[in-house]
Every structure is written in C-alpha cells, then in structure tokens.
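Novice: I have a structure I would like to understand better, so I am pasting it below and will then ask my questions one at a time.
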Amino acid sequence: MSTVIENLLTRKQKLVEQLERTQSVEERDRIEHQLEQINTALDFLDRPGSKDAR
C-alpha cells in the first residue's frame, strides 16, 4: 500500500512543479484536475480501515 501512496505523492509533486511553469489556461485546468484526482485517491487510501479492506 505504501508504494501506491509514494507513487501518488511523487506524481503530485511533479504535477505541482509543472503547474508552476505552465501558463496555458487549458493546461493548468488539466493539471488541476489530475491533482484533484490524486488528492481524492490519497484521501481514500488514508481512511481508517482502508489498509484492511481488500
């Protein structure tokens, strides 16, 4: 499970860096949407009991 979280956090960091460099509104919207998806996944994985539910 921690590998999945680590991968999501790594991807999130790369997207944040990309967002800082991007000026295109369309690209920023796409990146922000991906960040929302990653945050949702991280929230889900961080719930109590999510490690035991398989």
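The values are calculated or read from the model by the stated rules, or taken from the named source; none is laboratory data. Owing to the predicted nature of the structure, the values given are computational and were not obtained by experimental measurement. Reconstructed Cβ throughout: ideal geometry from the backbone, glycine too, with neighbour counts over all protein chains shown.
Novice: Is it true that some residue in region 4-18 is exposed (fewer than 10 other Cβ atoms within 10 Å of the Cβ) and modelled with pLDDT of 95 or more?
Specialist: Taking every residue of region 4-18 in turn, none turns out to be exposed (fewer than 10 other Cβ atoms within 10 Å of the Cβ) and modelled with pLDDT of 95 or more.
Novice: Here is a follow-up. Just give me the residues in region 4-18 being within 16 Å of Asp29 (Cα to Cα) and either of a type in the set (Val, Ile, Thr) or under 9 Å from the mean Cα position of the chain (by Cα) (or both), in sequence order.
Specialist: Lys12, Leu15, Val16
Novice: Output the number of residues of region 1-28 satisfying the condition of being over 25 Å from Leu45 (Cβ atoms) and outside any loop (DSSP other than H, G, I, E, B).
Specialist: Here the count works out to 6.
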